[in-house]
Amino acid sequence: MTGHIFIITGPSGVGKGTLCALLLKINPRFTLSISATSRTVRAGEVDGVNYYFKTREAFEAMIEHDRQALDATQHHLLEWAEYNGQFYGTPREPVEAALQSGRHVLLEIETAGAMQVKQKFPAACQIFIAPPDMTTLEQRLRARDTEDELNIQNRLRIAQHELTQQDRFDYVVINHKLDSALSEISQIVENWHGSGV
Ligand code: 5GP
């Protein structure tokens, strides 16, 4: 039995990472996809654990390789997007290997990438995580203390746009409280095409 892709998307600071970590704990059939990015490493992040950190040139070379590839089975990336001036993308091969071995794959990615994955894998389940309101999102982003002021402002501006897109996804879960958002997501996962988690 092959696995399914579950995409956790939504604005930066909404709690996607925390929800993914909790989902991994309660669902042993899940594998978390590790993305590639050109952004700089934050304090505490580890290459190969949080992300595969690439130079801009190396990332652009992957994009160019995929552009010239004869078919999608040769692609390095399943999807990629530019977010806040940096590249982010999902390595294709580990996702396909995990699916074939019967595992479900969790992608924590922004909205443009989420749409690309759905195009390639129509059976993928997209869950958009929304904040209760913009003020709460800003508070969470600031409390995380990972970004400078310019980055916070950019991320909030991008979030405004992402929130206008939420109806395009399979499900929207409002992250008021972590435990109720988690149980809503667990319910969605359980019911998705008999995914049998
Ligand atoms: P951050 O810089 O906060 O780690 O990530 C910025 C945004 O990029 C977040 O919304 C995050 O979910 C998204 N992101 C992380 N990895 C990927 C990926 O592989 N592809 C896409 N499209 N977005 C990603």
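The values are calculated or read from the model by the stated rules, or taken from the named source; none is laboratory data. Bear in mind the structure is a predicted one, so any value in this text is a computation, not a measurement. Note that each Cβ is placed from the backbone with ideal geometry, even for glycine, and that neighbours are counted across all protein chains shown. Accessible surface areas use protein heavy atoms only, side chains included; no ligands, DNA or RNA. Shrake-Rupley method; radii C 1.70, N 1.55, O 1.52, S 1.80 Å.
Please verify whether residue 128 is touching a helix residue (DSSP H, G or I) at 6+ places or on another chain (Cβ under 6 Å) and aromatic (Phe, Trp, Tyr), treating the condition exactly as stated. Can you show your working first?
On the way: touching a helix residue (DSSP H, G or I) at 6+ places or on another chain (Cβ under 6 Å): yes; aromatic (Phe, Trp, Tyr): yes.
Yes; evaluated as a whole, the condition is true for this residue.
Condition check: buried (at least 20 other Cβ atoms within 10 Å of the Cβ) and aromatic (Phe, Trp, Tyr). Does residue 121 satisfy that? Criteria not met by residue 121. If you check 87, 128, 59 for being open to solvent by less than 60 Å² (accessible area, probe 1.4 Å) and within 26 Å of residue 25 (Cβ to Cβ), only one passes: 128.
Taken together, the residues in the stretch 146-189 that are under 24 Å from residue 23 (Cβ atoms) and open to solvent by 40 Å² or more (accessible area, probe 1.4 Å) amount to 16. Taken together, 45, 60 contain a single residue that is away from the ligand (no atom under 13 Å from the Cβ) and over 13 Å from the mean Cα position of the chain (by Cα), which is 60. Within the stretch 87-113, residues that are at pLDDT 95 or above reach partners that are acidic (Asp, Glu) and within 11 Å of the ligand (Cβ to nearest atom) with beta carbons closer than 6 Å, at six or more positions or on different chains, in the pairs 90/79; 111/162; 113/79.
Check whether at least one residue in the stretch 19-37 is over 24 Å from residue 175 (Cβ atoms), within 8 Å of the ligand (Cβ to nearest atom), touching a residue at least 24 places away in the same chain (Cβ under 8 Å) and not in a helix (DSSP H, G or I), and report yes or no.
Scanning the stretch 19-37, I find at least one residue that is over 24 Å from residue 175 (Cβ atoms), within 8 Å of the ligand (Cβ to nearest atom), touching a residue at least 24 places away in the same chain (Cβ under 8 Å) and not in a helix (DSSP H, G or I), so the answer is yes.
Checking 24, 32, 70 one by one, the residue that is over 17 Å from residue 92 (Cβ atoms) and of a type outside the set (Lys, Arg) is 24 and no other.
Among the residues making up the stretch 38-56, a single one is free of Cβ contacts under 8 Å to residues at least 24 places away in the same chain, assigned to a strand (DSSP E or B) and open to solvent by 60 Å² or more (accessible area, probe 1.4 Å): 47. Filtered by the rule that a residue be charged (D, E, K, R) and more than 7 Å from the ligand (Cβ to nearest atom), the stretch 69-119 gives 71, 82, 92, 93, 96, 103, 118.
Tell me yes or no: at least one residue of the stretch 140-147 is under 19 Å from residue 6 (Cα atoms) and more than 12 Å from the ligand (Cβ to nearest atom).
No, every residue in the stretch 140-147 fails to be under 19 Å from residue 6 (Cα atoms) and more than 12 Å from the ligand (Cβ to nearest atom).
Based on what the data block shows, is residue 3 within 26 Å of residue 142 (Cα to Cα) and among the small types (Gly, Ala, Ser)? Considered against the rule, which asks whether it is within 26 Å of residue 142 (Cα to Cα) and among the small types (Gly, Ala, Ser), residue 3 comes out as no.
Give the stretch 62-84 a look and list any residue that's assigned to a strand (DSSP E or B) and open to solvent by 40 Å² or more (accessible area, probe 1.4 Å), or say none. Give the steps one after another, and end with the answer.
So the first thing to find is which residues in the stretch 62-84 are assigned to a strand (DSSP E or B), and the list is 77-83.
Passing the criteria: 80, 82.
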